[in-house]
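The values are calculated or read from the model by the stated rules, or taken from the named source; none is laboratory data. Quick caveat: nothing in here was measured; it's all calculated off a predicted structure. FYI the Cβ positions are ideal-geometry reconstructions off the backbone, even for glycines, and counts take in every protein chain you see.
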Ligand code: PLP
């Protein structure tokens, strides 16, 4: 006989998904209604306006794509690009590589600007790339690189794109809700995010937003968008303003209740307060990790508070530590990726998970597991250091 699935509750302090708040989970379980029910249409309008708040934009074309962050990424590229276009793609971690794939699958050319993993995108290198390639249509970069815990200067990059007559395309999957994302202040043209990071909603939805300049490019395309599902002109028939909402796809109705609830929570907390909360718990976590003798691998000016890259101490076995944290403490932290695999952990403090209990749990659990493994750490001091940071 088959039986129901009941996952063990975990504390999610990896690179995402992050802990979903009970309020959001409760919203998910409310009665499903039709995706064209007048009440649902009203909810869609509220979601759009709450997203405008979260992204700090007046962009009319701001909506949640009914699929995860990767679909938001693809939506931005396929709608803006046509065969033969050129794009500067900045890569300083995993996700720039995915952008390159998207560009090439659109029949466009990716001009790569590469920086070391763990460093932000170099403004000087991008400036040089624009000088060498004045034909560039789009500058694409990741604001908050989840693979390394690095923030790049989104404002400077968007302004550089505009100064060179190009559109800016920003990955804000990990940044929204955790640090300042200011679409209109930056003059960003196409932005996508995800629900499973600092919005602390269930995975599987990708907020996107396009500036009027980007919409004009979309409206004047020579070729059909290669993806039917992600074609914004078609999606607008369902999500757009001043239109008789018509069926395009069946929205994930209950997931939209959850997104709405998480955005209401963000709005009630206030953006600035949410960023300050992430910073506060990040500082306490770092104080504890450093007291333990561990090293933060990203330099302070561009460290993400919501994703902390920390080096393994001498004598620690990466896989064994993460397995013990999961088995003994129901605590998930993330592994290092690429060149950082086996050498670093990624500790997330995203959205609802950015709280004092999680910081103290993580520090005491690491202290115990690393001590049991005989790793070289200062025992028994991390929690006090974090508490001192809170005081
Ligand atoms: N971009 C960044 C920076 C991410 O961290 C992620 C997911 O971790 C994605 C894109 C892709 O999002 P998803 O996994 O929801 O498709």
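Data for the structure
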| quantity | calculated |
| --- | --- |
| Residue 156 surrounded by fewer than 24 Cβ atoms within 10 Å (Cβ to Cβ) and either away from the ligand (no atom under 16 Å from the Cβ) or at pLDDT 95 or above (or both) | yes |
| From 374, 380, residue being more than 31 Å from the chain's Cα centre (by Cα) and over 15 Å from residue 291 (Cα atoms) | 374 |
| Hey, residue 314 out of contact with any strand residue (DSSP E or B) (no Cβ under 6 Å at 6 or more places or on another chain), surrounded by fewer than 20 Cβ atoms within 10 Å (Cβ to Cβ) and in a helix (DSSP H, G or I) or not | no |
| From 140, 132, 67, residue being more than 11 Å from the ligand (Cβ to nearest atom) and within 30 Å of residue 50 (Cα to Cα) | 140 |
| Check on residue 279, away from the ligand (no atom under 16 Å from the Cβ) and under 19 Å from the mean Cα position of the chain (by Cα) | yes |
| Matching option when the condition is outside the structural domain of residue 262 (by TED's automatic domain parsing), farther than 30 Å from residue 246 by Cβ, in contact (Cβ under 8 Å) with a residue 24 or more places away in the chain and away from the ligand (no atom under 16 Å from the Cβ), among 8, 109 | 8 |
| Test result for residue 147, within 11 Å of the ligand (Cβ to nearest atom) and either in contact (Cβ under 8 Å) with a residue 40 or more places away in the chain or within 20 Å of the chain's Cα centre (by Cα) (or both) | yes |
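Here is a yes/no grid of residues against (1) in a loop (DSSP other than H, G, I, E, B); (2) within 16 Å of the ligand (Cβ to nearest atom); (3) under 21 Å from the mean Cα position of the chain (by Cα):
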{"residue": "181", "(1), (2), (3)": "yes, yes, yes"}
{"residue": "188", "(1), (2), (3)": "yes, yes, yes"}
{"residue": "194", "(1), (2), (3)": "yes, yes, yes"}
{"residue": "199", "(1), (2), (3)": "yes, yes, yes"}
{"residue": "223", "(1), (2), (3)": "yes, no, no"}
{"residue": "238", "(1), (2), (3)": "no, no, no"}
{"residue": "249", "(1), (2), (3)": "yes, no, no"}
{"residue": "259", "(1), (2), (3)": "no, yes, yes"}
{"residue": "262", "(1), (2), (3)": "no, yes, yes"}
